[in-house]
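A.B. asks: Below is a structure I'd like to ask you about.
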Amino acid sequence: MKISEEGIVPEDMARNGSGTAETREGDGTNIGAELRELPPLSFNQRLKIAMDISCCLNYLHNEKAIPHGNLKTSNILLQNPDLNPLLTDYSLHRIMNPSGTAEQVLNAGALGYRPPEFANSSKPCPSLKSDVYAFGVILLELLTGKCAGEIVSAMSGAVDLTDWVRMLASGSRWTECFDRLMISDNDIVKDALPKGVHEMLQVGLKCILPASERPDIRTVFEDLSSIVL
């Protein structure tokens with residue numbers, strides 16, 4: 001793993017000919033922007049991005065014992081041409097005063113990344129569990145092509161992204177949530193969904209469970225790595 005001022009990337013992706021990390025500021029686009037670009041990302045590309053991000057988080061959580069603290073798609077740059085992720089703005093909360101920390105967390109919540117347990121806290125503080133929740137939201141963004149803060153129209157009214165995916169999954173309508181730039185209606189009719197797409201969705205849903213039921217990031221990384229394409 002390679003960590004620098006600009007960001008953190010898996011070390012085997014980060015080295016250039018001189019053996020230094022290729023983490024130039026401004027290099028690449030963030031995930032949210034990439035999902036709206038053409039040609040669209042394939043499922044295999046989205047899964048690789050998810051695995052690489054979970055690898056970076058696993059390093060932060062288990063080697064450094066610190067949360068990222070501000071995880072969202074705009075803080076994850078994809079470096080061309082291989083779309084290797086660069087995780088930026090990690091652990092900024094460690095150098096912020098208490099009011100700054102709360103403001104940072106609340107800003108993340110406004111974008112849809114704040115876990116539900118923060119609603120009951122007067123001073124929400126980033127944690128390993130809140131990182132896992134935010135990563136689960138990112139997985140849902142990768143699979144649906146929608147933004148975390150997007151309000152989605154549903155039969156029961158307008159809901160946010162996480163509630164929309166939960167609703168479809170619980171009603172055995174999970175195929176309806178996938179990005180149609182990744183999976184076509186014809187793929188669904190012909191039962192020709194990419195291998196692993198349902199497994200990745202299940203990992204995302206586990207990440208947004210209540211905090212006591214939420215897996216740790218090592219388990220998430222292992223689950224994603226075990227998906228066979």
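Rule-based calculations on the coordinates, nothing more; no lab input. As the structure is a prediction and not an experimental result, all values here were calculated from the model. Note: ideal-geometry Cβ built from the backbone for every residue, glycine included; neighbour counts use all protein chains shown.
A.B. asks: Quick check: net charge around Trp174, other residues with Cβ under 12 Å of its Cβ, Lys/Arg +1 and Asp/Glu -1?
C.D. replies: Combined, the nearby Lys, Arg, Asp and Glu give 0.
A.B. asks: If each residue of separation counts as 0.36 nm, what is the full-extension length gain between Asn186 and Asp163 once their alpha-carbon separation is subtracted?
C.D. replies: 5.7 nm
A.B. asks: Average the reciprocal distances over every distinct pair of alpha-carbons in the range 39-226, invert the result, and give the Kirkwood radius in Å.
C.D. replies: For the range 39-226, inverting the mean 1/r across all distinct Cα pairs yields 17.0 Å.
A.B. asks: Report the calculated FRET efficiency for Ala119 and Ser170 (r = Cβ-Cβ distance, R0 = 22 Å), to the nearest 0.05.
C.D. replies: The pair Ala119/Ser170 has a calculated efficiency of 0.50.
A.B. asks: Determine which lysines satisfy two conditions relative to Lys206: a Cα distance under 23 Å, and not lying fewer than 8 residues away in the same chain.
C.D. replies: Once the sequence-local lysines are set aside, what remains near Lys206 is Lys48, Lys72, Lys129, Lys146, Lys195.
A.B. asks: So, one more: For Asn30, enumerate residues with amide H under 5 Å from its amide H, sequence gap 5+ or separate chain, H modeled in the peptide plane.
C.D. replies: Here Leu78 satisfy the definition.
A.B. asks: Could you tell me the calculated FRET efficiency between Val228 and Lys64, based on Cβ-Cβ distance and R0 = 41 angstrom, to the nearest 0.05?
C.D. replies: E(calc), rounded to 0.05, equals 0.85.
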